[in-house]
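The values are calculated or read from the model by the stated rules, or taken from the named source; none is laboratory data. Keep in mind it's a predicted model, so treat the numbers as computed, not measured. Cβ: placed from backbone, ideal geometry, glycine included. Neighbour counts: every protein chain shown.
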Protein chains: 2
Amino acid sequence: MVGRMQCSPTGPRKGRARLTGRTGRPRSAAADAAILDATRAALVELGWGKLTMGDVAARAKVAKTTLYRRWAGKNELVLDAVAVLFDELELPDRGSLKDDIEGVVLQFAALLARPETKTALMAVVAESTTDDALRARIREAVVERQKRLVVQGRQRAQQRGELPPDGGGPEAAAAAARSVDLIFDVIAGAVVHRALVSGEPVDAAWAARFTTLLLAGLRGLESRD
Amino acid sequence: MVGRMQCSPTGPRKGRARLTGRTGRPRSAAADAAILDATRAALVELGWGKLTMGDVAARAKVAKTTLYRRWAGKNELVLDAVAVLFDELELPDRGSLKDDIEGVVLQFAALLARPETKTALMAVVAESTTDDALRARIREAVVERQKRLVVQGRQRAQQRGELPPDGGGPEAAAAAARSVDLIFDVIAGAVVHRALVSGEPVDAAWAARFTTLLLAGLRGLESRD
DNA sequence: CTCTTTCGCTACGAGTCGTAGCGTAACTCT
DNA sequence: AGAGTTACGCTACGACTCGTAGCGAAAGAG
């Protein structure tokens, strides 16, 4: 729940009410779920451009004002609705770096194949170019969650001896961070570009060829940096 | 001019008027340029989300109806306004595959650093997920134009002997096409992801590390496929 | 039982959309 | 020069969306 508005923390508060939690009628968790479900459904049917707040409210059987009490606007709402889908991403240990990469590529591709993520992800990223707060939310809700998989896969490969271990010292740590960032942009970028811009399917055959390319690059990279 | 509406070809026509060209008052080319300039300016100031047709018309000092006579809507207009920027992309021969790749990466990054392309490209791609006609326009106006650079760079590298030449026969041609597609998605995807999603600068240092990774991958790929 | 917060509902001004209708301007062909 | 055809600027319009305000009722906390 990254994009939720926090009304009461900014409002008046008395003493230990903060410890006990806010007083008064609590927000309906059921309404939350209904709204996010309705948002995803609307994304599938209408796409980003034609999705309206009023439509989502009607689908969720909730007053339009309730939506605005929780989310600042379309951007934040859609981001939250889509972000939870990224919780599904995992990195099962398939025994080799090659299989791990192929697995995460296909998993990410399956997520991007869903119409709600397709249309929503690019749109919120586009909006984030003129909205710094939105960009920060995307970072923690989507980007960091994916990057963790890269870190994890890299550690496993190092334990298996498929990749050289990190050296000691701050400089080696910085180099490792740069390496993770680079690999992350290459994997996520290639998959997104293939799926959404080129419009070609990210199937097992493509994943295999991409992984072969990336693996060769990683092994060739070992000597330097 | 990919997204232009073509009114008269669908209208009535008499005999040889078709050869001479359409009769009647011609469309103002100056208005075209003013509209596209105004669209880019509006993208910079407002971003995709807050850009409106009425605003563009006012900036271009043109009637709003004129806009709708030429473009079906915001999507098509913005795509045309941004597409011309991709004409700048070239692939000067820098003597080696490594330098050629770094050059095209930095060139593409410079294009993406401009606020009008930043906010517009992702947005139209997002809309294209629910609009097949728009996707086709993006293909020919943007994607194919970039892919040509990959084909060109690959041919040069083969002539230099940096990459093995294509074999004969239809199967080898198909493999070459797949290879170009893969490389294109990796390059364009990584740059876009780095610049717009990760939000980190695509500078010379990053371009160098990315190119090193990709080159190692390409050389490692030579043996198979 | 009181206090606090949320909820549903209605209503609203502001802004945008895309189109229609009109008179005028510009260019082509006879 | 005149007739025919098309583009243009302008105004106006209904439909829709936005985001907010105000109200009474509902739901939990102390």
Residue among B:197, B:150, B:202 that alone is within 8 Å of chain A (Cβ to nearest Cβ), surrounded by 15 or more Cβ atoms within 10 Å (Cβ to Cβ) and either part of a helix (DSSP H, G or I) or not polar (S, T, N, Q) (or both): B:197
Answer from B:186, B:180 - the residue that is crowded, with 20+ Cβ neighbours inside 10 Å and closer than 17 Å to residue B:108 by Cβ: B:186
Within the stretch A:55-83, considering residues that are within 14 Å of another protein chain (Cβ to nearest Cβ) and β-branched (Val, Ile, Thr), the one farthest from DNA strand D (Cβ to nearest atom): A:82
Residues of the stretch B:100-130 classified as within 8 Å of chain A (Cβ to nearest Cβ) and not in a helix (DSSP H, G or I), total: 2
Hits in the stretch B:19-45 - residues which are more than 9 Å from DNA strand D (Cβ to nearest atom) and touching a helix residue (DSSP H, G or I) at 6+ places or on another chain (Cβ under 7 Å): B:35, B:36, B:38, B:39, B:40, B:41, B:42, B:43, B:44
Helices (runs of 4 or more DSSP H) lying entirely in the stretch A:25-88 (those with 2 or more residues that are within 13 Å of DNA strand C (Cβ to nearest atom), modelled with pLDDT of 95 or more and exposed (fewer than 15 other Cβ atoms within 10 Å of the Cβ)): A:29-50, A:53-60, A:64-70
Close pairs from the stretch B:21-49: first within 14 Å of chain A (Cβ to nearest Cβ), partner part of a loop (DSSP other than H, G, I, E, B) and within 14 Å of DNA strand C (Cβ to nearest atom), Cβ under 9 Å, at least 6 apart: B:42/B:51; B:42/B:52; B:43/B:51; B:45/B:51; B:46/B:52
Lone unmet requirement of (1) modelled with pLDDT of 95 or more; (2) exposed (fewer than 15 other Cβ atoms within 10 Å of the Cβ) for residue B:137: (2)
